[in-house]
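For reference, the structure discussed in these notes is given below.
Values quoted throughout were computed directly from the atomic coordinates according to the rules given, and no laboratory measurement underlies them. Being a predicted model, the structure only gives us computed values, none of them experimental. When we count neighbours, we look across all protein chains shown, and the Cβ atoms used for this are built from the backbone with ideal geometry, even at glycine.
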Ligand SMILES: [Zn+2]
């Protein structure tokens, strides 16, 4: 696959996860197809993937419980210095649907 950044035939399709929102609106979207380049390390979504992600994020905002499962997530607060970074489990409540 041709890389749109460097023009070499060194791009391949991989999968990634992205995090959107914060606090109790935090959602992790898994299994997003992403194009990586072995030559220049560029990583990008196709226009179709970007469009589908936008639609999915809109959909999740309108339908908070739709096709989503909950699991504890490690959240790190960026401090610049890894040793000073605080990591905690994002609280997940069993009855969060009752709000
Ligand atoms: Zn490239």
**OP:** Name the residue, out of 46, 16, 85, whose mean-square fluctuation peaks in a Gaussian network model built on the chain with Cα pairs under 10 Å.
**Re:** 85
**OP:** Quote to one decimal, in nm, the extra length available between residue 43 and residue 9 on full extension: 0.36 nm per residue of separation minus the C-alpha distance between them.
**Re:** 10.8 nm
Original post:
How long are the semi-axes of the ellipsoid equivalent to the chain, from square roots of 5 times the Cα gyration tensor eigenvalues, in whole Å, largest first?
Top reply: 31, 21, 10
**OP:** Report the relative contact order of the chain, percent, no decimals, based on alpha-carbon pairs under 8 angstrom and at least 6 residues apart.
**Re:** 16
**OP:** Would you mind checking the tilt of helix 47-62 against the longest principal axis of the Cα atoms of the chain, expressed as 0 to 90 degrees and rounded to 10?
**Re:** 10
Original post:
Mean residue ellipticity at 222 nm from the helices of the chain, using -39,500 (n - 2.57) per DSSP H segment of n ≥ 4 over the full residue count, to the nearest 500 deg cm²/dmol?
Top reply: -5500 deg cm²/dmol
Subject >> Cβ-Cβ FRET estimate between residue 50 and residue 88, R0 fixed at 35 Å, reported to 0.05 >> reply: 0.65
